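The values are calculated or read from the model by the stated rules, or taken from the named source; none is laboratory data. It should be emphasised that the depicted structure is a prediction, and the values quoted were computed from it without experimental measurement. Here the Cβ is made from the backbone with ideal geometry for all residues, glycine too, and neighbour counts use every protein chain on show. Quick note on the areas: whole protein, heavy atoms, side chains included, nothing else; ligands and nucleic acids left out. Shrake-Rupley method; radii C 1.70, N 1.55, O 1.52, S 1.80 Å.
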Amino acid sequence: MRTTSPDLRVDLCRVRLPNPLVLASGILGTSAQLLERVARCGAGAVTTKSCGPVPRTGHPNPTVIDWGHGLINAVGLPNPGVEAEVEIIAVARELLAPLGVPLIASIFADTVAGFAAVAERISAARPDLIEINISCPNVAAELGRPFALDAVSAAQVTAAVRAATELPIIVKLSPNVTDIVAIARAVEGAGADAIAAINTLGPGMVIDVESGRPILANRVGGVSGPAIRPIAVRCVYDICTAVNVPVVGIGGVSCGRDAVEMLMAGATAVGVGSAVYRGGPEVFGRIRDELAEWMSAHGYTSLSDFRGIAHER
Ligand SMILES: Cc1cc2nc3c(=O)[nH]c(=O)nc-3n(C[C@H](O)[C@H](O)[C@H](O)COP(=O)(O)O)c2cc1C
């Protein structure tokens with residue numbers, strides 16, 4: 001008997017992904033060659049490390065710890081600045097085009113005008129989508145309170161970027177708010193084509209009990225990985241009840257069943273970050289195959305067969 005494999009393709013803002021798994025920003029997305037490697041390993045789209053207006057060194061080491069149930073990081077948005085990033089994106093586009101894997105350019109800034117300027121400049125390199133990182137929790141001391149923490153600021157950034165580019169824009173939200181639905185509605189109203197949720201949780205702290213000191217040089221950092229998955233799933237579920245734009249569900253996904261859970265919460269695509277840090281880019285092929293196997297075992301032929309079913313009563 002001939003069995004057909006499930007159709008994993010998905011459209012995100014009119015951009016076709018071969019499967020719903022997206023490399024989350026900040027993990028391996030620092031060079032064109034690494035982005036290509038992740039795509040060859042099975043990612044359906046890849047996101048660059050967030051890039052700002054000017055080069056930034058980030059925080060002193062140690063910046064990332066695996067504390068047992070996930071990661072805590074205070075990398076501090078190191079990046080080469082938008083002028084160098086434009087070159088990286090141009091090369092990455094050439095390498096990714098034959099693979100049919102879209103490129104998402106992640107940007108950040110410390111002012112609304114700065115976001116617009118970076119978006120305009122990065123658009124010249126023609127990534128497929130732009131992701132607006134307004135939600136990094138560990139740079140407040142240098143860059144100010146994250147824009148994702150209130151609806152008015154989040155909408156102002158979204159509207160400014162909307163006016164600065166014709167490319168589809170994804171706004172990346174923070175779980176560190178009391179009402180993520182209000183923020184999601186605000187950015188949708190300001191012109192977001194999609195929402196990514198969630199960025200890291202916290203900040204948190206891990207103390208070395210022998211030395212009695214916080215391990216991260218920054219003392220605090222954003223928490224990610226399996227420990228935050230239930231929070232990410234709840235955020236995605238709530239956002240999907242409130243907006244009509246697609247949602248990229250991110251947070252703690254490390255196997256096919258985790259991806260299924262995000263899709264059942266209503267996500268259109270599924271970001272993977274910390275699992276890549278732990279398991280290398282090969283995790284994409286494994287999660288993709290596990291997702292396909294799970295679908296076959298349950299008689300599903302496409303992702304839309306079960307997307308959002310957790311909302312059904
Ligand atoms: C080491 C590290 C660096 C990160 N850097 C960025 C970044 O530059 N921009 C961003 O939007 N998110 C960044 N993130 C957040 C991830 O993209 C993701 O939203 C978060 O880690 C939750 O997903 P996960 O549990 O699969 O890692 C970073 C996460 C980690 C662990």
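For region 85-99, the count of residues that are modelled with pLDDT of 95 or more, open to solvent by 10 Å² or more (accessible area, probe 1.4 Å), closer than 22 Å to Val270 by Cβ and part of a loop (DSSP other than H, G, I, E, B) is zero.
Annotation note: Cβ proximity below 7 Å between a residue of region 108-124 that is touching a residue at least 60 places away in the same chain (Cβ under 8 Å) and a residue that is open to solvent by 40 Å² or more (accessible area, probe 1.4 Å) (sequence gap 6+ or interchain) occurs for Gly114/Pro53; Ala117/Pro53; Val118/Pro53. If you go through region 280-288 one residue at a time, do you hit one that is more than 17 Å from Val46 (Cα to Cα) and touching a residue at least 12 places away in the same chain (Cβ under 8 Å)? So far as region 280-288 goes, no, none of its residues is more than 17 Å from Val46 (Cα to Cα) and touching a residue at least 12 places away in the same chain (Cβ under 8 Å). Scanning region 1-29 for residues that are at pLDDT 95 or above and over 19 Å from Ile195 (Cβ atoms) turns up Pro6, Asp7, Leu8, Arg9, Arg16, Pro18, Asn19.
Considered as a group, the residues in region 222-255 that are among the small types (Gly, Ala, Ser) and more than 9 Å from the ligand (Cβ to nearest atom) include one that is farthest from Glu142 (Cα to Cα), and that residue is Ala242.
Is it true that some residue in region 168-186 is over 19 Å from the mean Cα position of the chain (by Cα), away from the ligand (no atom under 13 Å from the Cβ) and at pLDDT below 95? No, because not a single residue in region 168-186 is over 19 Å from the mean Cα position of the chain (by Cα), away from the ligand (no atom under 13 Å from the Cβ) and at pLDDT below 95. May I ask you to list the residues in region 82-119 that are of a type outside the set (Ser, Thr, Tyr), within 14 Å of the ligand (Cβ to nearest atom) and within 17 Å of the chain's Cα centre (by Cα)? Ile104, Ala105, Ile107, Phe108, Ala109, listed by residue number. Among the residues of region 187-211, just one is open to solvent by 60 Å² or more (accessible area, probe 1.4 Å), hydrophobic (A, V, I, L, M, F, W, C) and within 16 Å of the ligand (Cβ to nearest atom), namely Met205.
If the condition is being away from the ligand (no atom under 11 Å from the Cβ), in a loop (DSSP other than H, G, I, E, B) and open to solvent by less than 10 Å² (accessible area, probe 1.4 Å), then region 29-81 contributes Gly42, Ala43, Gly44, Gly81.
State which residue is surrounded by the fewest Cβ atoms within 10 Å (Cβ to Cβ) when the search covers only region 260-313 and only residues that are more than 20 Å from the chain's Cα centre (by Cα) and of a type in the set (D, E, K, R). Among them, the one singled out is Arg313. One residue stands out among those in region 127-152 that are part of a helix (DSSP H, G or I) and within 16 Å of the ligand (Cβ to nearest atom): the one that is least open to solvent (accessible area, probe 1.4 Å), which is Ala148. Just one of (1) surrounded by 21 or more Cβ atoms within 10 Å (Cβ to Cβ); (2) more than 14 Å from the ligand (Cβ to nearest atom) fails for Ala124. It is (1). Mind checking whether some residue in region 239-259 is closer than 20 Å to Ser135 by Cβ, touching a His at 6+ places or on another chain (Cβ under 8 Å) and crowded, with 21+ Cβ neighbours inside 10 Å? Among the residues of region 239-259, at least one is closer than 20 Å to Ser135 by Cβ, touching a His at 6+ places or on another chain (Cβ under 8 Å) and crowded, with 21+ Cβ neighbours inside 10 Å, which makes the answer yes.
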